[in-house]
Amino acid sequence: MLKNSKEIFAESLKKMLEKEPLDHITVKDIVEDCGVSRQAFYYHFKDIYDLVEWIFVEEASAALANNRDIDTWQQGYCHVLMRLRDNKNLVINAYRSISREYLETFMYNALFHVIYPVVEEQAEGMNVENKHKEFIAHFYSLAVVAMGLDWVRTGMKEDPEEIAGQVAMLVKGDFKKALNKYAK
């Protein structure tokens, strides 16, 4: 399968992260590794952190495919953690650098887009305002992100399936319980 330029830049960055921290890698390093001009890089990305964000978004999209309901959101979360672990050098470097915000934003957006549909599904037949459903999804997304970031901070040692299972155990039934509190 042919790879597009963005994928080639991403592979180059990941390869360099095996030896160097993110803040020591330059656009020049990436384009030299890829054998292209700086213009080619800047055609796709505004800077390295934009490339990092693109990698996170691509990984999340692949990890979360078809995992957006009450029965599969745990699998989606587990897949996100597995993708993070598969890109451990990138993730640890992003976490420890000024681009930590990208990692947090990526995880929040990815998980909110999994959790919100679950909240919506659980709210069927209930009279709950959208702002309350959004708040519930926001609350649980932040909690799940915090667990994921703590996992990254401590070196990604635990098994993603174990973490996802524990989170699912804690929140089982909580979406419905929270919705009932807001139902009119």
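The values are calculated or read from the model by the stated rules, or taken from the named source; none is laboratory data. No experiment lies behind these values; they were computed from the predicted model shown. FYI the Cβ positions are ideal-geometry reconstructions off the backbone, even for glycines, and counts take in every protein chain you see.
Scan segment 2-11 and tell me whether some residue there is modelled with pLDDT under 85 and polar (S, T, N, Q). No, there is no match, as no residue in segment 2-11 is modelled with pLDDT under 85 and polar (S, T, N, Q). The set of residues in segment 81-110 that are among the charged types (D, E, K, R) and under 20 Å from Val167 (Cα atoms) comprises Arg83, Arg85, Glu104. Quick one: would you say Leu81 is buried (at least 22 other Cβ atoms within 10 Å of the Cβ), at pLDDT 85 or above and farther than 21 Å from Met16 by Cβ? When the stated conditions are applied, Leu81 passes them. Restricting attention to segment 98-127, the residues being surrounded by fewer than 16 Cβ atoms within 10 Å (Cβ to Cβ) and either within 17 Å of the chain's Cα centre (by Cα) or at pLDDT below 80 (or both) number 5. Looking across segment 17-44 at every residue that is free of Cβ contacts under 8 Å to residues at least 60 places away in the same chain and surrounded by 20 or more Cβ atoms within 10 Å (Cβ to Cβ), the one that is nearest to Asp86 (Cα to Cα) is identified as Ile30.
Taking (1) among the charged types (D, E, K, R); (2) within 30 Å of Asn180 (Cα to Cα); (3) free of Cβ contacts under 8 Å to residues at least 40 places away in the same chain in turn, Arg100 satisfies each apart from (2).
Scanning segment 44-61 for residues that are touching a helix residue (DSSP H, G or I) at 6+ places or on another chain (Cβ under 8 Å) and under 17 Å from Glu11 (Cβ atoms) yields His44, Phe45, Ile48, Leu51, Val52, Glu53, Trp54, Ile55, Phe56, Val57, Glu58, Glu59. Residue pairs whose Cβ atoms lie under 7 Å apart, sitting 6 or more positions apart in sequence or on different chains, and linking a residue in segment 152-180 that is more than 22 Å from Met82 (Cα to Cα) to a partner that is modelled with pLDDT under 90 and surrounded by 14 or more Cβ atoms within 10 Å (Cβ to Cβ), are Phe175/Val118.
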